[in-house]
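Structure record follows, encoded as structure tokens.
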Amino acid sequence: MKHILIVDDEASIRDLLSEFFRKRGYKVSTAGTPVEAQDLADSVPINLVILDVLLADCDGMEVLESIKKAHPNLPVIIMTGIGFDEELLKEAQQKGAAGYVSKTLPLDQLLMEVHRTLKEYK
Amino acid sequence: VSVSAPGAGPTRQHIAPSDPELRARDQRLEALKAVVGRLAHDFNNALVPILGYISLAKEDLEPGSGASNFVSAAENGARKTERHLDTILLAVYPHRKFKAVPTSLNELIQSEVESWKRTLPSEPKIEFSLGLISCVRDLDSFQWQTLIQHLLRNACKALPKGGRVQVSLVRRALDESGAAEIGVKPGPFCVMTCQDDGCGMSGETLDRCCEPFFTTQPKNKAEGLGLTIVHSIARLHGGQLRVRSEEGGGTAVEVWSPLD
């Protein structure tokens, strides 16, 4: 069973994505802060991270950088509620993001992005 | 009368306008856009779990059942709100969906004008004339299509009894003082102008025409986002918007886009 870590400071988004991926047979862990995210990534085997890059108390790009530094082969899909401009995308790619999605994307399309990324990182 | 009002976040092409009135108007517009953008962003985020749980609920409901129909109705309402928020976010924060690639601007304008003409009723009679130079530059074609459509819509609304709309695309160069006046870096520009011989705007309307939700139309007829969208897209592409208008004397909207 693939294990997904969801990092978002909004509990409603964490709960929704947990429910959605569990119903589709994934194991899911969630983190509301960068520290929780790093602890989980370091302590349990995770196959993929979905990371909100606009966290309330810190820069999500730093979280991306830190996770990729410790776990270079762990794919991280980043998401935002405001969409992506070219600069943000460029920075995310430089820091090792495996993909990006908008929070407003229909859940089925998010699932397709997860499938694509897991296949790529098999 | 002319007005120029930067917004949608500065880029490397922009500087503060030298005219104190324009500078003050810029600041007011930036503040308004920031408030509207924040509210739209928060509501947009709040829709994510609503739409997400609706989609999960639908999976567990019998299609065609009463509960399923209620959930579908809720989804339609939420999707309608999402589309409205998308329009507002385009008006104040077009960066969120921006992909610029080399595009023929004259071909894009021509195609949009032709499509627009086909949607118009035969009366009132509106004549269109085009004068376009050839111009290829990096741009987001979806955003520019939206920009052109809003300019044409505004021009036609100003002509309830019919009239003329002229659309032109020319090259211009701005020197230090001309560029500083409107708040851009000097250099070569392509300028798209959409001009009508309609009712024009009063000084007060002209002063506020780029503000989000400002409209002189009845509230159920217009959202008041057209020129805000045009203005934000022009700015995002490194350019500037200038509006010249006189009550009873028509309106000309110029979109200045840098070519270097």
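Residues in segment A:62-82 that are within 14 Å of another protein chain (Cβ to nearest Cβ) and not β-branched (V, I, T): how many?
Going through segment A:62-82 one residue at a time, the tally reaches 2.
B:L159 passes all but one of (1) hydrophobic (A, V, I, L, M, F, W, C); (2) closer than 28 Å to B:E21 by Cα; (3) in a loop (DSSP other than H, G, I, E, B); which number fails?
(2)
I'm trying to understand the selection: among the residues of segment B:62-116, which are buried (at least 16 other Cβ atoms within 10 Å of the Cβ) and among the aromatic types (F, W, Y)?
Hits for segment B:62-116 are B:Y93, B:F98, B:W116.
For A:L17, state whether it is within 14 Å of chain B (Cβ to nearest Cβ) and modelled with pLDDT under 95.
no
Sort out which residues of segment A:20-38 are among the basic types (K, R) and within 10 Å of chain B (Cβ to nearest Cβ), and write them in order of number.
Hit for segment A:20-38 is A:K23, nothing else.
Condition test on B:G52, is it surrounded by 18 or more Cβ atoms within 10 Å (Cβ to Cβ) and in contact (Cβ under 8 Å) with a residue 24 or more places away in the chain?
no
Identify, please: which residue in segment A:3-35 is basic (K, R) and touching a strand residue (DSSP E or B) at 6+ places or on another chain (Cβ under 7 Å) and is, among those, surrounded by the fewest Cβ atoms within 10 Å (Cβ to Cβ)?
This residue is A:R22.
The values are calculated or read from the model by the stated rules, or taken from the named source; none is laboratory data. The model shown is predicted, which means the values in this text are computed figures rather than measured ones. Glycine gets a Cβ as well: all are built from the backbone with ideal geometry, and neighbour counts include every protein chain shown.
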